[in-house]
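These notes are about the structure you will find just below.
FYI, it's all coordinate maths here, none of it is from the lab. Keep in mind the model is a prediction, meaning the values are calculated, not measured. Neighbour counts run over all protein chains shown; Cβ positions are idealised from the backbone, glycine included.
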Amino acid sequence: MLTSTSYIVLGLVDWIGEATPYELKQRIAETVGNFWSVPHSQLYAEPARLTASGHLSERRERGGRRRRLFSLTDHGREALSAWRSQPADDPLPELRDPGLLRLFFGADPQAIARTRLHAHQEKLRSYEERLARDSGAPPRGPWLALEAGIGHEREWVRFWAQLAAPTSDPIAG
């Protein structure tokens, strides 16, 4: 059975062409890691699992560190293509902001909001800087995901700014 981590690995190997687990970890940090967490332990185990199932092939460098390099097989390419064509009817994600959890259990909204506001402003700034580098060239998927992230962060900034305001009434909104 293929998991979200499986498809992330397959998709990134498809992009890169051939990759070590370390290169996948770096690429995830630069891309999908902004909206989908992948534990490093899974990331290092998943290419071997996908090789055993025939979705990836592996070759080892002859010299040096003898790194393991993984490539997409036809079977892996077919699985990735089938996954891409499925409707996205998965359950909606959780809102996993630690500040919300603290608010829920009675934390001072203004005190929490100041730190959360700053964190979300920084994330929004980094996303907008990245978007400014968009050349308009395909593939468009990463840029569309980035635009979703920008919208998400703008809403968080709006929410936390409202709570951080000295006259804010958290109940009235």
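List of remarks:
- Label-point separation, GLN162 to HIS75 (7 Å along Cα→Cβ), nm: 5.1 nm
- Over the residues of the chain, the helix contribution to mean residue ellipticity at 222 nm works out to -19000 deg cm²/dmol, using -39500 (n - 2.57) for each DSSP H run of at least 4.
- In the set (i) 65, 39, 37; (ii) 49, 35, 28; (iii) 44, 34, 32, the label that goes with Cα extents along the principal axes in Å computed for this structure is (i).
- Efficiency of FRET from Cβ geometry, GLN42 and GLU128, R₀ 25 Å, rounded to 0.05: 0.25
- Remark: relative contact order (the chain) = 19 percent; criterion is Cα-Cα distance under 8 angstrom and separation of 6 or more residues.
- FRET efficiency for the SER135 to ALA111 pair, using the beta carbon distance and R₀ = 35 Å, is estimated at 0.25.
- Helices that extend 15 Å or more along their long axis by alpha-carbon positions and average at least 1.6 on the Kyte-Doolittle scale are absent among the DSSP H runs of the chain.
- Subtracting the Cα-Cα distance of ARG60 and GLN121 from their residue separation scaled by 0.36 nm leaves 17.6 nm.
- Residue-span extension gain [ARG84 to GLU147] - 0.36 nm each, minus C-alpha spacing: 20.8 nm
- Total charge dipole magnitude, the stretch 98-164, about the Cα centre, Cβ charges on Lys, Arg, Asp, Glu only, Debye to nearest 20: 80 debye
- Segment TRP15-SER53, extension gain: residue separation times 0.36 nm, minus the distance between their alpha carbons: 11.7 nm
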